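Here's the structure, in structure tokens; my notes come after.
The values are calculated or read from the model by the stated rules, or taken from the named source; none is laboratory data. Bear in mind the structure is a predicted one, so any value in this text is a computation, not a measurement. Glycine gets a Cβ as well: all are built from the backbone with ideal geometry, and neighbour counts include every protein chain shown. Keep in mind that these areas ignore ligands, DNA and RNA; they rest on the heavy atoms of the full protein, side chains included. Shrake-Rupley method; radii C 1.70, N 1.55, O 1.52, S 1.80 Å.
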Amino acid sequence: MARLLGVDIPNRKKIEYSLRYVYGIGPTRSRSVLEEAQIDPNLRTQDLSEQDLSKIMNVILERKYLVEGDLRRDVTANLKRLQSIRSYRGLRHQRGLPVRGQRTITNARTRKGGRKTVGVVRNK
Amino acid sequence: MSRSIKKGYFVELSLERKVRRAQQSDDRKPIKTWSRRSTITPDFVGLNLAVHNGKNFLTVYVTENMVGHKLGEFSHTRTFRSHNPHTQK
């Protein structure tokens with residue numbers, strides 16, 4: 001397993017796909033980074049040399065991609081901002097409900113998590 | 001879809017006028033408005049606005065962070081009554 005950008009340990013997959021294990025790098029960025037670093041995306045990660053890896057890293061740093069910790073921090077900062085100004089969107093995030101006006105009478109399971117049955121407790 | 005940049009921010013004209021007057025006169029009395037669709041521009045910072053939520057006017061103190069949001073985002077329109085029949089038994 002190779003190390004890239006500190007903590008990330010992609011594996012024996014093709015480099016095009018292992019790169020996506022970095023938080024903040026998806027299919028598009030992965031491909032364009034490899035293209036600029038002039039590395040064959042079909043090579044397995046384990047077959048890359050140290051120089052190849054550092055070349056990839058340099059491209060990512062050069063392009064100032066927010067990646068891993070920085071990106072995560074950026075996202076939480078955005079949420080914090082919305083919540084601190086008490087906007088509707090912040091409130092929905094706090095409650096764990098959909099933020100963009102979707103219905104909640106049914107569905108919205110991704111945001112609401114698993115189903116919790118609420119039974120009616122009747123007096124005997 | 002977000003609004004075209006070409007068009008610029010939308011702020012209700014009447015509200016814009018009132019905001020400008022308030023900023024010049026140092027008057028910090030809440031400005032009543034129904035215009036929830038108006039965008040908060042930097043001119044609004046430091047003002048109190050009473051934004052209608054369909055029933056009442058909720059006072060919103062505008063801070064720098066709110067610039068770019070709409071007024072309606074800060075004046076909640078729904079009251080949430082909790083789902084908890086168990087505790088009320």
Item to check | Scan of region B:2-21 for residues that are loosely packed, with under 10 Cβ neighbours inside 10 Å and not in a helix (DSSP H, G or I), ordered by number | outcome: B:SER2, B:SER4
Checklist entry - Can A:LEU66 be described as in contact with an Asp or Glu (Cβ under 8 Å, 6 or more places away or on another chain), open to solvent by less than 80 Å² (accessible area, probe 1.4 Å) and under 30 Å from A:GLN94 (Cα atoms)? => result yes
Item to check | Sole exception among (1) in a loop (DSSP other than H, G, I, E, B); (2) open to solvent by 80 Å² or more (accessible area, probe 1.4 Å) for B:THR59, by number | outcome: (1)
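Results for (1) touching a Pro at 6+ places or on another chain (Cβ under 6 Å); (2) loosely packed, with under 13 Cβ neighbours inside 10 Å, shown as yes or no for each residue.
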residue: B:ILE31; (1), (2): no, no
residue: B:ALA50; (1), (2): yes, no
residue: B:LYS55; (1), (2): no, yes
residue: B:GLY68; (1), (2): no, yes
residue: B:LEU71; (1), (2): no, no
Item to check | Residues satisfying the stated conditions in region B:16-59, i.e. over 11 Å from the mean Cα position of the chain (by Cα) and of a type in the set (A, V, I, L, M) | outcome: B:VAL19, B:ALA22, B:VAL45
Item to check | Segments classed as helices (runs of 4 or more DSSP H), wholly inside region A:55-124, with at least 3 members that are within 12 Å of chain B (Cβ to nearest Cβ) | outcome: A:68-84, A:88-95
Checklist entry - Given the conditions (1) touching a residue at least 40 places away in the same chain (Cβ under 8 Å); (2) under 22 Å from B:GLY68 (Cα atoms), which single one is not true for A:SER87? => result (1)
Next on the checklist: If the requirement is being of a type in the set (S, T, N, Q), in a loop (DSSP other than H, G, I, E, B) and open to solvent by 80 Å² or more (accessible area, probe 1.4 Å), which of these qualifies: A:ASN42, A:ASN11?
Outcome noted: A:ASN42
Checklist outcome for this item: Those residues of region B:62-80 which are more than 7 Å from chain A (Cβ to nearest Cβ) and either touching a Lys or Arg at 6+ places or on another chain (Cβ under 6 Å) or over 13 Å from A:SER84 (Cα atoms) (or both) amount to B:VAL67, B:GLY68, B:LYS70, B:LEU71, B:GLY72, B:SER75, B:THR77, B:ARG78, B:THR79, B:PHE80
